[in-house]
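Since the structure comes first, as structure tokens, the remarks are kept for the end.
The values are calculated or read from the model by the stated rules, or taken from the named source; none is laboratory data. Every value quoted in this text rests on a predicted model; they were computed, and no experiment measured them. Virtual Cβ from ideal backbone geometry, glycine too; neighbours counted across all protein chains shown. Protein only, heavy atoms only, side chains kept; ligands, DNA and RNA dropped before computing areas. Shrake-Rupley method; radii C 1.70, N 1.55, O 1.52, S 1.80 Å.
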Amino acid sequence: MSQTVKTHKLAVTAILSAAAAILMFLSFPMPFLIPSFVKMDFSELPALLAAFSLGPVSGVAVCLVKNVINVFFSTTGGVGELCNFLLGVCLVVPAGLIYRAKRTRGGALAGALLGSAAMAVCSVPINYFISYPFYTSFMPLDTIIGMYQDLIPSVDGLLACLVIFNAPFTLLKGLLDTLLAFLIYKPLSPLLHR
């Protein structure tokens with residue numbers, strides 16, 4: 001790999017990391033779908049663009065940098081950022097690897113859909129074993145489950161909450177990032193590849 005290509009790859013990864021960090025700050029609640037402490041953001045979009053244009057390692061780098069930047073403003077002591085990083089990796093690695101093997105629109109779609117599904121499935125153990133043990137250190141588990149029960153009163157237990165609410169919400173997030181990537185990738189392609 002020539003020095004020019006390396007420099008370009010580093011510059012594009014840095015720009016996409018900055019965009020991802022900004023998008024992470026612009027998170028918003030969707031209280032009609034999930035308790036308001038779980039926020040929606042589109043910060044995986046630049047990471048997905050990096051994975052498609054530069055490869056999965058660049059996608060992972062974008063996920064890492066945006067979370068390192070956001071940890072300085074964290075309200076979760078870095079736990080939320082760790083979980084966000086892990087989930088981002090679940091999205092961008094399959095997307096980047098499959099697109100690298102099959103460089104077509106269909107390959108990109110298959111990779112992003114698989115990545116979105118992986119992110120949704122992995123959200124359950126990541127939240128169960130990392131996020132919520134942290135949250136319960138300052139908020140009783142019954143209070144957290146009560147926030148989910150405000151939406152569906154019959155939901156019972158943390159695992160049920162994660163399966164019924166968090167996994168579909170995370171899948172939706174991945175699918176929205178995929179849709180946005182497909183809408184803007186072609187116009188941005190010359191900038192990403194030159």
Filter result (of a type in the set (Ser, Thr, Tyr) and either in a helix (DSSP H, G or I) or free of Cβ contacts under 8 Å to residues at least 12 places away in the same chain (or both)) within the range 37-66: 53, 58
Scan of the range 1-35 for residues that are polar (S, T, N, Q), surrounded by fewer than 19 Cβ atoms within 10 Å (Cβ to Cβ) and over 30 Å from residue 168 (Cβ atoms), ordered by number: 2, 3, 4, 7
Count - residues of the range 142-194 that are closer than 30 Å to residue 7 by Cα and among the β-branched types (Val, Ile, Thr): 2
Some residue of the range 122-142 being under 20 Å from residue 78 (Cβ atoms), among the small types (Gly, Ala, Ser) and in contact (Cβ under 8 Å) with a residue 40 or more places away in the chain: yes
Residue in the range 152-168 that is polar (S, T, N, Q), part of a helix (DSSP H, G or I) and surrounded by 14 or more Cβ atoms within 10 Å (Cβ to Cβ) present: yes
Residues within the range 1-36 that are in a helix (DSSP H, G or I), over 20 Å from residue 81 (Cβ atoms) and in contact (Cβ under 8 Å) with a residue 60 or more places away in the chain, tallied: 2
Residue match in the range 36-47 (condition: exposed (fewer than 14 other Cβ atoms within 10 Å of the Cβ), among the β-branched types (Val, Ile, Thr) and closer than 27 Å to residue 163 by Cα): no
Tabulated pairs, the range 98-117, first under 16 Å from residue 189 (Cα atoms), second open to solvent by 80 Å² or more (accessible area, probe 1.4 Å) and not in a helix (DSSP H, G or I), C-beta under 9 angstrom, 6+ apart or interchain: 108/102
Selected residue [on the phi > 0 side of the Ramachandran plot and open to solvent by 60 Å² or more (accessible area, probe 1.4 Å)] from 55, 77: 77
Qualifying positions in the range 58-74 - hydrophobic (A, V, I, L, M, F, W, C) and open to solvent by less than 10 Å² (accessible area, probe 1.4 Å): 62, 63
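Residues checked against (1) of a type outside the set (Lys, Arg); (2) in contact with a Phe, Trp or Tyr (Cβ under 6 Å, 6 or more places away or on another chain); (3) more than 18 Å from residue 34 (Cβ to Cβ):
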| residue | (1), (2), (3) |
| --- | --- |
| 103 | no, no, yes |
| 107 | yes, yes, yes |
| 111 | yes, yes, yes |
| 116 | yes, no, no |
| 147 | yes, no, no |
| 156 | yes, no, no |
Positions within the range 67-97 being without any contact (Cβ under 8 Å) to a residue 40 or more places away in the chain, over 23 Å from residue 186 (Cβ atoms) and over 11 Å from the mean Cα position of the chain (by Cα), in sequence order: 68, 71, 72, 74, 75, 78
